[in-house]
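Peer 1: If you scroll down you'll find the structure; I have some questions about it.
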Amino acid sequence: MEAENRTERKARWRRPEKYICSTCGQEHPFCWTCPCGFMICSDCMEENYWGMTCNGIHWTCPDCGAIRSFGND
């Protein structure tokens, strides 16, 4: 049972097979992602940066409202 839970946890945090931007709809080698499934490429993030962050350290998912890190804390 414990091994099963570890497997489920691992699968939940896996890297997506494809990064498809929710904003532009194109496939990219990397997208900022949220656990809810929202993905945004670096170009779209740069265009929408003003509305998604107020401090440059975190961004807010427009779909679910989760606060996500840029990884620069």
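Peer 1: Mind checking which residues of the stretch 1-26 are under 14 Å from the mean Cα position of the chain (by Cα) and either at pLDDT 90 or above or part of a loop (DSSP other than H, G, I, E, B) (or both)?
Peer 2: Initially, the stretch 1-26 is screened for residues under 14 Å from the mean Cα position of the chain (by Cα), giving 12-23.
Matches in the stretch 1-26: Trp13, Arg14, Arg15, Pro16, Glu17, Lys18, Tyr19, Ile20, Cys21, Ser22, Thr23.
Peer 1: Which one is surrounded by the most Cβ atoms within 10 Å (Cβ to Cβ) among residues in the stretch 27-73 that are part of a loop (DSSP other than H, G, I, E, B) and of a type in the set (S, T, N, Q)?
Peer 2: Narrowing the stretch 27-73 to residues part of a loop (DSSP other than H, G, I, E, B): 29-31, 34-38, 41, 53-57, 61-66, 70-73.
Cutting the leftovers down to of a type in the set (S, T, N, Q) gives us 53, 55, 72.
Details: Thr53: 16, Asn55: 7, Asn72: 7.
Per the criteria, the residue is Thr53.
The values are calculated or read from the model by the stated rules, or taken from the named source; none is laboratory data. What you see is a predicted model; the values in this text were computed from it and never measured. Cβ atoms come from the backbone with ideal geometry, glycine included; neighbour counts cover every protein chain shown.
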